[in-house]
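Heads up, the thing below is written out as structure tokens.
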Amino acid sequence: MMTKIERVYAKAAEFAEGPHGRLVREYLARTSGEDANALHQLGSYVILYTPPRVRPPLMLIADRPSWFDEFSPEKALANLADVAAKIPSVNSYLDHDHKFARFVKSAFEEDKEYLLETCVGLNRFWFQTGPNFSAPSNREHPDLRAAWRKAVAHCKEGTRELIEIVNPRSVALIGGGAQEAVRESFRARHGAIVFEDCRDPARGGQKQFVTDLKKLIEQAGL
């Protein structure tokens, strides 16, 4: 398994350092530099939020990386360093005190906390965007817009590849981006995995996220 995951990371590094990846990273660095509320410059990529494992009970797939601490630039950068561009040895949901981690932790009842401890987590888009995000508009150069589309496609393909490598018992698809990346045709080909569309708790859907997560846990018999 690790060799396959290392290949995913190698392909991600190659993309990030290639011409399309450089355009994406330069755009994120520029837009974060123009944002007075940005904690630090953007442009890093984060794939996994947890150590990988084979056939975990639960896999969490959300949208995109935001800040890894929304108050302290020092903590945000230190936490980012734990997971950026490498296979992590930490569980960011438990070891980092960022907004999304708090949302996720609060959704698990005490007798189900082991699912968060043993889960594999990632996002469907890997470049860190921060919370005040917008994709390149039509005013941006066509090369940048094309590079952005290629980045989205690259991350989607890699996300689906990681699902196949890890082969979890269940997958929570958190938010529309994750659900669009893992469509019904893919889900139908992987019938041994239970998929559930979940509301994004970071976008006003905390109560429904808890309900959706409970439904998934019951359906998967976890």
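Just to be sure before I move on: is Leu122 in contact with a helix residue (DSSP H, G or I) (Cβ under 7 Å, 6 or more places away or on another chain) and assigned to a strand (DSSP E or B) in the structure I sent? Please lay out each step first, then the result.
Values: in contact with a helix residue (DSSP H, G or I) (Cβ under 7 Å, 6 or more places away or on another chain): yes; assigned to a strand (DSSP E or B): yes.
So Leu122 passes the test.
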Which listed residue, of Val54, Val104, is of a type in the set (A, V, I, L, M) and in a loop (DSSP other than H, G, I, E, B): Val54
field: Among (1) modelled with pLDDT of 95 or more; (2) more than 19 Å from Val46 (Cα to Cα) - the single one Leu122 does not satisfy
entry: (2)
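Restricting to segment 13-56, what's the tally of residues that are more than 27 Å from Ser72 (Cβ to Cβ), buried (at least 18 other Cβ atoms within 10 Å of the Cβ) and not aromatic (Phe, Trp, Tyr)? Walk me through it before giving the result.
Our first condition is that a residue be more than 27 Å from Ser72 (Cβ to Cβ); within segment 13-56, this holds for 13-15, 17-23, 52-56.
Among the residues that remain, those that are also buried (at least 18 other Cβ atoms within 10 Å of the Cβ) are: 15, 20-21, 23, 52, 56.
With not aromatic (Phe, Trp, Tyr) added as a condition, the list becomes 20-21, 23, 52, 56.
Residues flagged as more than 27 Å from Ser72 (Cβ to Cβ), buried (at least 18 other Cβ atoms within 10 Å of the Cβ) and not aromatic (Phe, Trp, Tyr) within segment 13-56 amount to 5.
Return the residue satisfying two criteria in turn: it lies in segment 81-101 and is outside any loop (DSSP other than H, G, I, E, B) and open to solvent by 10 Å² or more (accessible area, probe 1.4 Å), and of such residues it is farthest from Ala10 (Cα to Cα).
Just the residues of segment 81-101 that are outside any loop (DSSP other than H, G, I, E, B), to begin with: 81-84, 92-95, 99-101.
Still in the list and also open to solvent by 10 Å² or more (accessible area, probe 1.4 Å): 81-82, 84, 94-95, 99-100.
Details: Ala81: 17, Asp82: 17, Ala84: 13, Leu94: 26, Asp95: 25, Lys99: 29, Phe100: 27 Å.
For segment 81-101, the residue satisfying everything is Lys99.
In segment 129-183, how many are over 30 Å from Leu222 (Cβ atoms) and in a loop (DSSP other than H, G, I, E, B)? Before you say what the answer is, go through the steps one by one.
Filtering segment 129-183 for residues over 30 Å from Leu222 (Cβ atoms) gives 129-154.
Applying the additional criterion that residues be in a loop (DSSP other than H, G, I, E, B) yields 129-141.
Total satisfying the criteria: 13.
Among the residues of segment 181-205, what is the count of those that are touching a residue at least 40 places away in the same chain (Cβ under 8 Å) and either loosely packed, with under 14 Cβ neighbours inside 10 Å or closer than 30 Å to Leu23 by Cα (or both)?
The initial filter retains those residues of segment 181-205 that are touching a residue at least 40 places away in the same chain (Cβ under 8 Å), namely 181-182, 200-202.
Add one more test, that the residue is either loosely packed, with under 14 Cβ neighbours inside 10 Å or closer than 30 Å to Leu23 by Cα (or both), and what stays is 181-182, 200, 202.
The number of residues fulfilling the criteria is 4.
The values are calculated or read from the model by the stated rules, or taken from the named source; none is laboratory data. Quantities reported herein were computed from a predicted structural model and do not represent experimental measurements. Neighbour counts run over all protein chains shown; Cβ positions are idealised from the backbone, glycine included. Heavy atoms of the whole protein, side chains included, go into the accessibility calculation; ligands, DNA and RNA do not. Shrake-Rupley method; radii C 1.70, N 1.55, O 1.52, S 1.80 Å.
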